[in-house]
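What follows is a set of notes on a single structure, which appears directly below.
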Amino acid sequence: MPGLVPGIPLRRAPCLLERDGRVKPGHDELLDQEIMPKHHRDPAPPGGSQRQLRVGELIRHALAEMLSRGDVHDPVLEKYMITVPEVTLTADLRLATIYVMPLGGKGEKEVVAALERNKKFLRTELAHRVNLKFAPDIRFRVDDRFDEAERIEKILRTPGVRRDLEAKPADEDQ
C-alpha cells in the first residue's frame, strides 16, 4: 500500500510523504528513526513502576499489621504466624497478588484458604487503611522463594559443587 513507511506509525507516516508516495525533500533521515513517544520506547522496570512498588509496600505493611494484631477473626489465621514478604500489583493498580507464608512452612494451603474466605473483609480494611481511588482486588499465593533458596542451598552443599568452588582457577596461580 503506498504511503506506508516501515517503522513509522501510520498516523505520522503521511506527513513525510508526497501524494504520489515519494518521500518529501529533507525528510529522508526521519525514515530511519522510530517516531514514537519516549515512554513507549523504554521498557517497564522489572519490578514495576515506582508507584506500583510504593502501593505494594503500603498494602503489605497494612496487611501484616492486621494479621499480627489479630484483626481477622478466623481460627485458622489465629493459629499461625503469617509473614507477608511481597505484594505485586498490576500496572493499573486494580489487582494485588499477595504472597504469604506461615512461619515454619506448615499449613500453607490451609492459610491461603482462610485468607481467601476473608478476602472481602481484608479488601475493605485495606481500602480504609491505604488511601487509593480504588481498592484493588486481592488474591493470595504461597511464597515459594524460601523453598527455592533451600533447593539452591542443597545444591551448593553437594560434594561436587563444593569441590568446584574450593578449587582455584588456573589464572589465579600466576
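Each value in this text was obtained by applying a stated rule to the coordinates, not by laboratory testing. Just so it is clear, the structure is predicted and the values come from calculations on it, not from any experiment. Positions of Cβ are backbone-derived with ideal geometry, glycine not excepted, and every protein chain shown enters the neighbour counts.
If you take the beta carbon distance between Lys154 and Asn131 as r and set R0 to 45 Å, what does 1/(1 + (r/R0)^6) give as a FRET efficiency, to the nearest 0.05?
Computed FRET efficiency for Lys154 and Asn131: 0.55.
Considering only DSSP states other than H, G, I, E and B, which trypsin sites (Lys or Arg not before Pro) in the range 101-161 qualify as loop sites with at most 14 other Cβ atoms within 10 Å?
Within the range 101-161, the qualifying trypsin sites (Lys or Arg not before Pro) (loop, at most 14 other Cβ atoms within 10 Å) are Lys106, Lys133.
Could you give the length gained by full extension between Arg162 and Arg123, i.e. 0.36 nm per residue of separation minus their alpha carbon distance, to one decimal place?
9.3 nm
How would you rank His128, His61, going from fewest to most other Cβ atoms within 10 Å of each one's own Cβ?
His128, His61
Could you please state, rounded to a whole Å, how far the C-alpha centre of the range 87-147 is from the C-alpha centre of the range 59-86?
The range 87-147 and the range 59-86 have Cα centres separated by 10 Å.
List the chymotrypsin sites (Phe, Trp or Tyr not before Pro) within the range 93-174 that DSSP assigns to loop and that have no more than 12 neighbouring Cβ atoms inside 10 Å.
Answer by residue number: Phe134.
Rg and Dmax of the range 50-152 over Cα atoms: what are they, in angstrom?
13.3, 41
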